[in-house]
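All remarks here apply to the structure that follows.
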Amino acid sequence: MSTIATILQDEISTATLQKGLYAIAACTLIGAAAYAGYKAAEPEAKHLPSHRHPESNEQIEKVLELLRLDDEDKLRIIMQSLEREMELGLSPATHPTADVKMFATYVRSTADGSETGQVLALDLGGTNFRVLLVDLLPQSKVELTSKIFVIPQSIMLGEGSYLFRHLADCLMEFMNKENLNKPGVRYPLGFTFSFPCKQEGLASARLSTWTKGFTCSGVVNEDVVKMLQAAIDEKNINVQCVALVNDTVGTLMACAYKDPNTEIGLILGTGTNACYMEKLDRVGTWDGDYNDPKQVIINMEWGAFGNNHRLNHIRTKYDEEVDLSSVNPGKQIFEKMISGMYMGEIVRLIMLDLIHQNLLFIGKCNGSEDFKTPLFTRGGFYTKYVSSVEMDEGIGFSNTRRVLEDIGIRNPSYDDCAIVQHICKIVSKRAARLAGAGLAVLINRINKPNVTVGVDGSLYRYHPRFKRNMEKCMQNLVSKNIKFLLQLSNDGSGIGAALTVAAAEALSNQEKSKRSYPLSDDGSGKGAGLIAVVASRYLQQLSQSTSTLHNHNNEKVPTQFQKHLSTLQSPM
Ligand code: BGC
């Protein structure tokens, strides 16, 4: 970045001169510009100002050309390559060196909407961390109480033990506020931990690598549930972590709670990743039993696709720069082309390149103070700006003007706004098409007549046309005999962890004697088992369990039911 910034300084006076020249050119060449600008343009190009010098429009298009993924054949090649990487991850021989890890979770089937009860959940996946109390109510209704806590940068980059202590502190604060401190009650907890983990059981998972700006030391290869539990116990909080889930799995579970066709969970937020239900006979790495249901949710960790250079043919110098200046260079290459943590930065780098070529903000970047503005600072252009800019319709550009003022461009011209919007559209469309191609691989592989994808994440949620762009490219990439539905999954990462706990609790109660289960031998199993009420269709015939539910007043209420055991696979 500094390279561009340095060169830019030398260019400032030239830029002022050129401003005048462009003004003259703009007056005399309106007609020619309009004609040439539109003629060769792709759909987005019509948003480029027509009264600019045609050459400048062409130059801008040339810069942006490499970011276009409109060619369907290119997407099909990417799809084939992803499927090959998936096979490498699923095969025991190649798994250790595979980039797309395809971690088998221990979740074997989805919730069926009958689970009820009150469960605590922690959701750690980005700069924000949430503590939740999830009420699973009859008829798939869910009530949430939650509090967001910030994870300071010093903790994200510090020692692992501090991170887990911070989580335990936040949990304690939340529980005190919600009066969840009844003596003698051990509260079960679901932990949504949205980083790549090799799961060794429902409540045992080793971190394989950090992503999304975290680098806490002493955590990679360690069991994060153990680390969290140690921090909880250190503070004498009466909580037992019963299940760890990835946010994609939580999203799948939460969506399936309402729609039984849900087979895929997708996150498009700070990071990106997908999980899906895979047949056991295709999971070479599976070391559990082959009982029904012969399936398991696979946490793909698709963000790492491309780490082995498989995506080099579509990467641009901006992608390379984003990667090199990240805390994990060479890693999460697919994620860095798609997700919210990086999209704004890609746009910023393109803007700087255009400034350097005197194609953008002409005459507006003079003065040394400019270099202290967000536009010239790494991370200074947020992905939420991309969404905001793309929300502008017509020629007013009110959002875009506001965003540009925020990053230090005073009185942006109509041209400036149009060009910035054009850049945002191309970068976000590329991301949507990449994610869409990835989803098409999964939907075709699942090959059922109706497939619902549960989707969550701020990028998907707040970007005005991400969903539309994904759907558009998927129409042609998904087999014609399959109908797919992209379904926004509200609060999936928190609710999903709670659902997994609810099911795990039932499993614990029913299977204690048969299986090694984390809660069964520490004496706290009973206490922890006091929350989940699982009223499934199988249950009428089952005897009354010892489980207890906390009602809304936090009083213990005896439960009547237990859940069918096949929901979850505990470690063998
Ligand atoms: C993580 C995944 C996670 C995704 C979305 C990625 O960086 O590796 O585990 O699911 O972000 O939060």
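No lab work stands behind these numbers, since they all come straight from the coordinates. Computed from a prediction, not measured in an experiment: that's the story for all the values here. Cβ coordinates were reconstructed from backbone atoms using ideal geometry, including for glycine residues, and neighbour counts include every protein chain displayed.
Taking 12 Å as the straight-line reach from the Cα of LYS384, the aspartates and glutamates in range (excluding those fewer than 8 positions away in the same chain) are GLU345. Give me the base-10 log of I(q)/I(0) for segment 47-125 at each q in 0.22 Å⁻¹, Debye formula, one uniform scatterer per Cα, rounded to two decimals. Results for segment 47-125 at q = 0.22 Å⁻¹ read -1.06. Counting only residues at least eight positions apart within a chain, or on another chain, the aspartates and glutamates with an alpha carbon under 13 Å from that of LYS182 are GLU555. Relative contact order of segment 221-378, taken over Cα pairs closer than 8 Å and 6 or more residues apart, is 16 percent.
Taking each residue as 0.36 nm, the span from ARG68 to TYR462 lengthens on full extension beyond its C-alpha to C-alpha distance by 139.6 nm. Can you flag which of LYS317/LYS480; LYS74/LYS467; LYS141/LYS448 are past 32 Å Cα-Cα? Violating the 32 Å limit, Cα to Cα: LYS317/LYS480.
Straight-line reach from LYS364: taking Cα to Cα under 17 Å and skipping same-chain neighbours fewer than 8 places apart, the aspartates and glutamates in range are ASP10, GLU11, ASP353, GLU405, ASP406, ASP415, ASP416. Highest-first packing order for the peptide set 246-259, 349-362 is 246-259, 349-362, based on the mean count of other beta carbon atoms within 10 Å.
For segment 112-245, dividing the convex hull volume of the Cα atoms by the residue count gives 110 Å³ per residue. Let me make sure I get this right: for segment 181-327, a, b and c are the square roots of the gyration tensor eigenvalues over alpha carbons, sorted descending. Under 1.5 in a/c it's rounded, otherwise prolate if a/b > b/c, else oblate. Which is it? Oblate, because a/c is 1.5 or more while a/b does not exceed b/c.
Between segment 399-440 and segment 324-348, the C-alpha centres lie 16 angstrom from each other.
Looking only at segment 262-285, which residues have a backbone nitrogen under 17 Å from a spot 7 Å from the Cα of THR94 in the C-beta direction? Zone members listed by number: 282-285. Amide H contacts of GLN118: LEU136, VAL533, HIS550, each under 5 Å away and 5 or more positions distant or on a separate chain (H built 1.01 Å from N in the peptide plane; Pro and chain starts excluded).
Each part gets one Cα centre, and for segment 102-141 versus segment 236-278 those centres are 7 Å apart. Descending by average beta-carbon neighbour count within 10 Å, the peptides 456-463, 314-321, 233-240 line up as 456-463, 314-321, 233-240, the highest first. Cβ crowding within 10 Å ranks LYS101, LYS467 as LYS467, LYS101, fewest other Cβ atoms first. FRET efficiency for the SER479 to GLU222 pair, using the beta carbon distance and R₀ = 41 Å, is estimated at 0.45.
Just the Kirkwood number for segment 399-462, please: inverse of mean 1/r across all distinct Cα pairs, in Å, one decimal.
The answer is 14.6 Å.
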